[in-house]
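Here's the structure we're looking at; comments come further down.
The values are calculated or read from the model by the stated rules, or taken from the named source; none is laboratory data. Since this is a predicted model, take the numbers as computed values, not measurements. In this analysis, Cβ positions are derived from the backbone assuming ideal geometry, glycine residues included, and neighbour counts consider all displayed protein chains. For the accessible areas, the whole protein counts, side chains as well, though only heavy atoms, and no ligand, DNA or RNA atoms are used. Shrake-Rupley method; radii C 1.70, N 1.55, O 1.52, S 1.80 Å.
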Amino acid sequence: MGIRYWEKERMFQLDTPNTSYVIGIADQEGFLGHVYYGKRLSGVQGAERLLRVDRPLEDWQVYNRDRLSFLDCFPMEYSGHGVGDFRESSIRVKDSGGHSAVLLTYRSHEIYQGKRKLEGLPATFGTKDEAATLAITCRDDAVGLEAVLEYSVFEDTDAIARSVRLTNLGKEPLVLEKVMSGCLDMDNRDFDMITLHGSWARERRIERKKLGHGVHSVSSLRGESGHQEHPFMALLESTATQTAGDVYGFHFVYSGNFIAQAQVNQFDSVRVVMGINPEDFAWTLCQGESFQAPEMILVYSGQGLGGMSRSFHDLYRRHLIRSPYRNKKRPILINNWEATYFDFDQDKLFDIAKEASQMGIEMLVMDDGWFGNRFDDNRALGDWKVNEEKLKGGLKALVDRVNGLGMDFGIWFEPEMVSPESELYRAHPDWAIAVPGREPGRARNQYVLDVSRREVRDCILDQMFRVLHSANIRYVKWDMNRPLSDLGSAALPAGRQGELYHRYVLGMYEMQERLLAEFPELLLENCSGGGARFDPGMLYYSPQIWCSDDTDAIERLRIQEGTALIYPLSTMGAHVSVCPNHAVGRVTPFATRGFVALAGTFGYELDVTKLSPQDKETVRRQVVMYHRFNDLVREGDYYRIASFGDNHLFDCFQVVSRDKKESLIFFVQVLGEVNQKSRIVKLQGLAGDRSYDLREVVMDGKDTQDIIRESGLSFGGDLLMNGGLVIDRPWGDFQARLFWLQEKQE
Ligand code: DGJ
């Protein structure tokens, strides 16, 4: 790892363990150009040619005559607006005269060990030994604007974190109308583009398509990252696979409106920009004020998509998640949502907890419906006082009883929302986001609180803290069940309503920061109607996020595959639920549901008191399985072997321990086929020169602890990776098998 400045070439070289990123300063004007991003380089000799300054910069007269042609093809490190580069701009600024042209050029730079915090925003982190940062200061004197472009590299991970801080150096206010966090110009190498798409209960489906000319984008205008599109984009060679080929991944550490764009221009160059969605964004910067844009992560992999996934996983596990639970086994929880919905009282919850505790489940989470007069989802959001009609004797009494079973207790909140039918709304109607004179649109019969306002945040946190201090509560599920609309804040002046979307996100981040400061040991799980705010920004606060409201094991295969493309398995909230599944009505074997949930945080979401004795026994065995394998699943390297989304028949993925001594192979036959021979899956990530014993994890051993079945077979790692593992097909649909390889002990 390291950052070097090559004086003669006027170039910066940023190195991660296996990649290099090179930036050059061109010409006396100080255009900052992108030179290279790819496999690690020994130096930059001759790299000037890659800047592709096709116009003769030395001859001022000739150059000035065709300045626009130059600007329209030069690979810009941070593109300007309105001065001749007609590709996507990275920034647009309105000055007091109403003009919007801007072009930032190099002034100075600083290289330092470590990484500074981004004020008010989630961001990756690293100590002086773990990270190094390049800060390049650029200016546009005509506008009076300074930009500091920061790039951090990590000594143990092939990822680069970029961000931008803007400062108004002039006397008059400036209005930032567009601020991208990063820009990357490259030549198009017959790229494909991968993005993630979805809907409620159908999040993050992988979509791969050819990158043609013009602009291709994904975005959100919902005030959250959203179910529908994801703040992620990958460009990859059209021949790239899981294991081979060049892949560039871009991810945005932010939880609000975003845009990610790839543009192929007339010269077959590609420009990628990523940042806060400029739509409905206008941020006034007065004299001396600064604006910090969120962070963008760049990953280059020369080893296909799998290499990209593992770099993102490593970065997030090592340098983004802060929770004390980051590298710890999380308690196996049981959540009452699908078990009871709103229909519960203290006895019903206690009965579930009692039964669950006997099976080894470790925490009861009380979901929506415990506060105010919340008997259904039409009311009471904002009134965070225990409903003693439901919980007779109060919260502490219930928590104490549950603790008495040896179980922890967790609780649900939806802090950013208010119901029109609530004490809070009656007292403070102006605290809801709304446009004067227009009734705000309702979703799930609720409004969004204007958490950009300090007094609103204080009031909600105050109520939450009271509840959390009143009993021994170890876990909070922070939900958010509608997008933002009808944007208006009663606290912002007319000219500054364009700041609300971003101020809202900053306010929400501040609330989570304060919650964790008050309860540093809390296990926080974020959620947004399932996975609508599953993004790297939220991971900074919570080590796990509820992945989707669809808990069906087969639907989850695709949802979890798309999520695992960038996120570690340890972050994906996954529960075993009842069948027929509440979302799709599908019936799947209990064992299959357990294996699929094992590839996430693992927990339950059903009424265990109603399970058959056989299913109860399976739960006990799954608990044993979780304790045996969670360390491996949580900390291991992830390899995607086959995708049900592609082949429509089966799914297969693998987790390998860092030391390559053991591996789990998850195999799910979604659809059975008649008269077919066994299936061969080529494994990955093993040590080619070691031998492995093959065992299978089963749910039908002779007693509860007996979950491992010996196969009596051993294989060379190279054979498993090149020849493959032969899997006898199970009989029927939705059948799963879980294999365990362990290095042979001589
Ligand atoms: C949406 C979440 O995704 C569910 O798990 C549940 O908590 C409900 N909200 C409660 O309203």
Bridge type composition, the chain - antiparallel percent by DSSP, nearest 5: 85
Label point at residue 430 placed 7 Å out along Cα→Cβ; residues across segment 486-505 whose backbone nitrogen lies under 17 Å: 488-497
Mean Cβ neighbour count within 10 Å, used as a protection proxy, ranking 38-45, 569-576, 528-535 highest first: 528-535, 569-576, 38-45
Approximate spin-label separation residue 86-residue 341, in nm, with each point projected 7 Å along Cα-to-Cβ: 5.7
Spatially proximal lysines relative to residue 210 (Cα-Cα < 23 Å; intrachain offsets below 8 disregarded): none
Peptides ranked, highest mean first, by Cβ atoms within 10 Å: ranges 68-80, 677-689: 68-80, 677-689
12 Å reach of a label modelled at residue 714, 7 Å along Cα-to-Cβ, counting backbone N of segment 660-704: 690-694
Segment 159-258 pair-distance distribution - Cα-Cα, 5 Å bins, rounded %: 2, 10, 18, 20, 18, 14, 8, 4, 3, 1, 0
Candidates per GluC sites (Glu not before Pro) in segment 112-156, loop by DSSP, up to 13 other Cβ within 10 Å: 119
Theoretical ellipticity at 222 nm over the chain - DSSP helices of four or more residues, -39500 (n - 2.57) apiece, nearest 500: -6000 deg cm²/dmol
For segment 2-319: Kirkwood Rh in Å [reciprocal of mean 1/r, alpha carbons]: 19.8
Portion, in percent, of the accessible area of the chain that falls on carbon or sulfur, probe 1.4 Å: 48
Tail weight of P(r) past 23 Å, computed on alpha-carbon pairs of segment 78-236, percent: 53
Debye intensity ratio in log₁₀ form over the Cα atoms of the chain, taken at each q of 0.05, 0.09 Å⁻¹: -0.26, -0.85
Over segment 313-361, volume per residue of the alpha carbon convex hull, in Å³: 123
Gyration tensor (alpha-carbon) shape descriptor, segment 351-493, a/c threshold 1.5: prolate
Low-density loop cleavage sites - GluC sites (Glu not before Pro) in segment 307-414, where at most 15 other Cβ are within 10 Å (DSSP): 388, 389
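Within segment 358-461, which chymotrypsin sites (Phe, Trp or Tyr not before Pro) sit in a loop by DSSP and count at most 15 neighbouring Cβ atoms inside 10 Å?
375
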Helix 304-319 axis, angle to the chain major axis (alpha carbon atoms, nearest 10°): 80
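Solvent-accessible area per residue for the chain at a 1.4 Å probe radius, Å²?
So the chain comes to 36 Å² accessible per residue, rounded to a whole number.
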Residue 155-residue 389 FRET efficiency (beta carbon distance; Förster radius 45 Å; 0.05 resolution): 0.20
Cα Rg over Rh - segment 284-384, Kirkwood: 1.19
Exceeding the 19 Å Cα-Cα cut-off - candidates 661/744; 329/616; 329/477; 329/610; 616/702: 329/616; 329/610
Rg over Rh [alpha-carbon atoms, Kirkwood Rh] for segment 274-332: 1.15
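Can you pull a Stokes-Einstein diffusion coefficient for segment 639-743 at 37 °C (0.692 mPa s), Rh from Kirkwood over Cα pairs, as a whole number of µm²/s?
Roughly 230 µm²/s, to the nearest whole number.
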Centroid-to-centroid separation of segment 144-207 and segment 275-349 [C-alpha atoms, Å]: 16
